[in-house]
Amino acid sequence: MWLPLSLIFAILSMMSETVSSSAPIRLQAFLAHCGVASRRASEKIIAEGRVSVNGAVVTELGTKVTAQDKICVDGNPVSLEENKRYVLLNKPAGYVCSQSDEKGRQVAVDLLKPAYSERLYNVGRLDMFSRGAIIFTNDGEFAARLSHPSAEIEKEYIVETSYPLPEGLAEKFMKGVRVEGVFYKAVKADVMNTHRMRVILIEGKNREIRRVFESNGAAIRSLERVRIGNVNLDGLRAGEFRELTQADVQGLLALCKN
C-alpha cells in the first residue's frame, strides 16, 4: 500500500527513539512517552528543575534514562503509558485548555477524566470563550508535530457576530491584517450570511480571529472550531468526545508539512 512521504517520515520519527526495558533514551523523550507533555514542552519542564531521576534533580537536556530509573515530575512518579490515546472533544464555552487552573475555572481535560486513566493533554488551544474541536492525547510526538506552526494543519471556524458583518472583512482577512504589530492572515474566509463567517486558518496565533474581528468593529457572539485537518465534529454535542480512529490519526500526520 502506498503511503504519503509525510506519513512515512512521521512513523520513522516516532520509531527513532522508543522505550524498551533496558535501552537508554533522552529524558525529554521518556517524559513524552509517559504522557507528561510533548517532547518540546518536556524540555521546558526539565530546564525548570521540575524533574528528578533516582532522587536527584536533573536540568540537563539529553540526559539518558531507562524504564528502570525512578523519574518524578514535581515530586510525582511518572511511568510509561501502555496505550496511546487520541481523543476529540467538543469543548464547551467556559472551559480553559490547561492541566489545571489557579483561578478555579473549569478545565476541559476534566471532562475526559471519568473515561480515561491516562494523563491526557490538549494539542493546541481554544480560548475560554470559544467552543468546538480540540484534540487530547498522551502521545508526545504526535502532539509536537500537530501543534508546530510548520505543520500548517487547517483549522476551520464558524464565527457569529452580534451585529451585521462589516463590509469587506472577509476579503481583508484573506489579504492579511496587522493588529498591534502582529500580522494575521486567513487561508479562506467566506461570508455565510449577514452575521456568520467561515474562517480557515493554518497558523493559529493567539486569539487571532477575535483580534481581527474586534479591530474591525465586529463584536463576536460565538466562535466555534468545527474542523481540525481531516477531523470534524461529526455531530458531537458540547461536552461530548470520541476516540480518533487510526485513519483519523494517520490522516492528520499525512497532512503535516513538517
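Just a yes or no: is a residue in segment 182-202 among the charged types (D, E, K, R) and under 26 Å from Ala108 (Cβ atoms)? So that I can check it myself, show each step before the final result.
Of segment 182-202, the ones among the charged types (D, E, K, R) are 185, 188, 190, 196, 198.
When the remaining residues are screened for being under 26 Å from Ala108 (Cβ atoms), the result is 196, 198.
Among the residues of segment 182-202, at least one is among the charged types (D, E, K, R) and under 26 Å from Ala108 (Cβ atoms), which makes the answer yes.
Need the failing condition index for Val249 against (1) over 28 Å from Pro114 (Cβ atoms); (2) of a type outside the set (Ser, Thr, Tyr); (3) modelled with pLDDT of 95 or more; (4) not in a strand (DSSP E or B), just the number.
Among (1) over 28 Å from Pro114 (Cβ atoms); (2) of a type outside the set (Ser, Thr, Tyr); (3) modelled with pLDDT of 95 or more; (4) not in a strand (DSSP E or B), the lone unmet condition for Val249 is (1).
Go through segment 1-54 and tell me which helices (runs of 4 or more DSSP H), entirely inside it, have 2 or more residues that are modelled with pLDDT of 85 or more.
Counting at least 2 such residues, we get 27-33, 39-47.
Hey, could you check segment 95-120 for residues that are without any contact (Cβ under 8 Å) to a residue 60 or more places away in the chain and of a type in the set (Gly, Ala, Ser) and say which is least open to solvent (accessible area, probe 1.4 Å)?
Here is the first cut: in segment 95-120, the residues without any contact (Cβ under 8 Å) to a residue 60 or more places away in the chain are 95-110, 113-114, 116-117.
The next check asks that each one be of a type in the set (Gly, Ala, Ser); those that pass are 98, 100, 104, 108, 117.
Values: Ser98: 27, Ser100: 83, Gly104: 67, Ala108: 0, Ser117: 116 Å².
Only one residue tops the list, namely Ala108.
Looking at (1) without any contact (Cβ under 8 Å) to a residue 12 or more places away in the chain; (2) farther than 30 Å from Leu201 by Cα; (3) among the acidic types (Asp, Glu), which one does Asp74 not meet, given that it meets all the others?
Condition not satisfied by Asp74: (1).
I need the full set of residues from segment 36-58 which are open to solvent by 80 Å² or more (accessible area, probe 1.4 Å) and either farther than 26 Å from Arg145 by Cα or touching a helix residue (DSSP H, G or I) at 6+ places or on another chain (Cβ under 6 Å) (or both), in order please.
Listed by number, the residues that qualify are Arg40, Asn54, Val57.
Return the pair list, or none, for Cβ contacts closer than 6 Å from residues in segment 201-216 that are farther than 12 Å from Lys185 by Cβ to residues that are part of a loop (DSSP other than H, G, I, E, B), at least 6 apart or on different chains.
Listed pairs, sorted by first residue: Arg207/Asp127; Asn216/Pro166.
So which residues in segment 113-141 are within 13 Å of Leu253 (Cβ to Cβ) and modelled with pLDDT under 90, if there are any at all?
Asp139, Glu141
Suppose we keep only residues that are part of a loop (DSSP other than H, G, I, E, B) and within 14 Å of Asn90 (Cα to Cα) within segment 125-138. Which one would you say is most open to solvent (accessible area, probe 1.4 Å)?
Step by step, filter segment 125-138, then rank; the result is Arg125.
The values are calculated or read from the model by the stated rules, or taken from the named source; none is laboratory data. This structure is a prediction, so every number in the text was calculated from the model and none was measured. Backbone-built Cβ (ideal geometry, glycine too); neighbour counts: all protein chains shown. Heavy atoms of the whole protein, side chains included, go into the accessibility calculation; ligands, DNA and RNA do not. Shrake-Rupley method; radii C 1.70, N 1.55, O 1.52, S 1.80 Å.
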